[in-house]
Amino acid sequence: MGVLAAERIKLTSTRSPWWCSAIVVALALGMAALLASVARASHGEQGAFDLTISAAATGVSGFGVMVLMIMAALTVTSEYRFGIIRTTFQATPHRAKVIATKAGLVGVYGAVLTIVLVLLAYLVAKALGGPAAGATLALSSSAEWREVYGTAIYAFLCIVLAVGVGVLVRQSAAAISLIVLWPLLIETLLGAFGSFGRNVTPFLPFANASHFYSAAETTANWRWGPWGSLLYFAVFVAIVFGVAIVSVNQRDA
């Protein structure tokens with residue numbers, strides 16, 4: 001409990017978590033409002049934009065979670081940068097407990113914030129989309145509900161992954177580069193090469209995460225369903241975080 005209290009104080013007493021949270025809120029509600037307005041304006045026209053749960057939650061799952069990952073990585077790399085981590089490990093010699101508590105605390109915070117924002121984005125999009133454009137926006141099936149709670153699970157796992165990456169690289173610039181470039185650039189490029197992309201996509205971690213929480217159809221040759229994809233991504237996160245725990249116990253602070 002002492003470690004948890006210490007990590008809570010660190011999280012709430014620094015400015016970066018507050019700024020990152022504000023950015024996530026703005027992205028979530030702003031994107032929902034923007035896409036709802038586009039759907040309403042294009043309704044009835046050829047090639048009209050369909051307003052769905054995936055579209056309404058784009059600001060959360062597409063951009064918000066990435067900001068939360070950056071925030072999570074900074075909770076580790078900032079301590080290494082300013083030497084605070086040495087004091088932390090002197091107070092709590094069990095280093096794995098410190099890192100696990102940090103990941104768990106930030107992860108739970110990110111998951112709660114995410115699920116609240118997905119529901120708020122749904123309400124905003126429903127209100128601004130109007131009765132016609134918003135007719136396709138509903139929470140009536142298990143797949144649509146999975147996009148709500150699935151995004152929160154995705155956020156939690158991504159935050160744990162980001163903490164692990166922060167522990168491994170120890171530098172903010174390197175950690176943020178990996179967090180941003182891997183899902184946005186590397187996996188996107190690998191999945192863009194025709195049949196090769198369709199065959200390799202089922203083995204990409206973030207593609208599996210998207211397959212779990214998103215009900216959108218993909219052209220990838222999936223060998224398992226959404227829950228299998230969640231398991232795949234969770235195992236990937238566990239491996240990275242496990243390597244980080246081993247690393248933090250072997251390397252000097």
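All of the numbers you see were taken from the coordinates with simple rules; none came from a lab. Nothing here was measured: the structure is a model prediction, and the numbers come from that model. In this analysis, Cβ positions are derived from the backbone assuming ideal geometry, glycine residues included, and neighbour counts consider all displayed protein chains.
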Worksheet entry | Positive dipole terminus of the range 2-250, leading residue within GLY166, LEU29, SER210 (C-beta point charges) | GLY166
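Within 10 Å of each residue's Cβ, count the other Cβ atoms and sort LEU27, LEU34 from fewest upward.
In increasing order of surrounding Cβ atoms, one gets LEU34, LEU27.
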Worksheet item: Comparing SER37, SER13, SER141, which has the greatest mean-square fluctuation in the GNM of the chain with Cα pairs linked when under 10 Å apart?
Response: SER141
Response to the item:
If every Lys and Arg gets +1 and every Asp and Glu gets -1 at its Cβ, then about the Cα centre the range 72-201 yields a dipole, in debye to the nearest 20, of 420 debye
Worksheet entry | Ascending count of other beta-carbon atoms within 10 Å, so fewest first, for ARG251, ARG198 | ARG251, ARG198
Fill in: Per-residue Cβ neighbour rank within 10 angstrom, fewest leading, ILE53, ILE153
ILE153, ILE53
Practice prompt. Would you calculate, for the chain, the mean residue ellipticity at 222 nm contributed by helices, counting each DSSP H stretch of 4 or more residues as -39,500 (n - 2.57) and dividing by all residues, to the nearest 500?
Written response: -25000 deg cm²/dmol
Worksheet, complete the sentence: Between the residues SER247, GLY83, PHE236, the Cα farthest towards the positive end of the dipole of the chain, that dipole coming from +1 and -1 charges on the beta-carbon of Lys, Arg, Asp and Glu, is from GLY83
Item to complete: Run the numbers on the chain and let me know its relative contact order in percent, using alpha-carbon pairs under 8 Å that are six or more apart.
Response: 24 percent
Item to complete: With unit charges on the beta carbon (Lys/Arg positive, Asp/Glu negative), name the residue among LEU11, ILE70, TYR109 whose Cα is farthest towards the positive pole of the charge dipole of the chain.
Response: LEU11
Worksheet item: Short version: ³J(HN,Hα) in whole Hz for each residue of the range 13-20, in order, from phi by Karplus 6.51 cos²θ - 1.76 cosθ + 1.60 (θ = phi - 60°), x for Gly and Pro, what are they?
Response: 9, 10, 7, 4, x, 5, 5, 5
Worksheet entry | Two-site FRET efficiency, ALA138 against ALA41, from Cβ-Cβ distance with R₀ of 22 Å, rounded to 0.05 | 0.60
Discussion item. What whole-number distance in Å separates the alpha-carbon centres of the range 141-161 and the range 51-80?
Written reply: 12 Å
Worksheet item: Tell me, what is the percent relative contact order of the range 158-211, built from C-alpha pairs under 8 Å that lie six or more residues apart?
Response: 21 percent
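Only Lys, Arg, Asp and Glu count, each charged at its Cβ (+1, +1, -1, -1), so figure out the dipole size of the chain about its Cα centre, rounded to 20 debye.
Rounded to the nearest 20 debye, it is 800 debye.
In percent, how large is the relative contact order of the range 90-170, given Cα pairs closer than 8 Å and 6 or more residues apart?
Answer for the range 90-170 is 47 percent.
What FRET efficiency comes out for ALA173 versus LEU231 if R0 is 30 angstrom and r is the Cβ-Cβ distance? Round to the nearest 0.05.
E between ALA173 and LEU231, to the nearest 0.05, is 0.40.
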Worksheet entry | Under 15 Å, Cβ to Cβ, from THR114 - net charge with Lys/Arg +1 and Asp/Glu -1 | 0
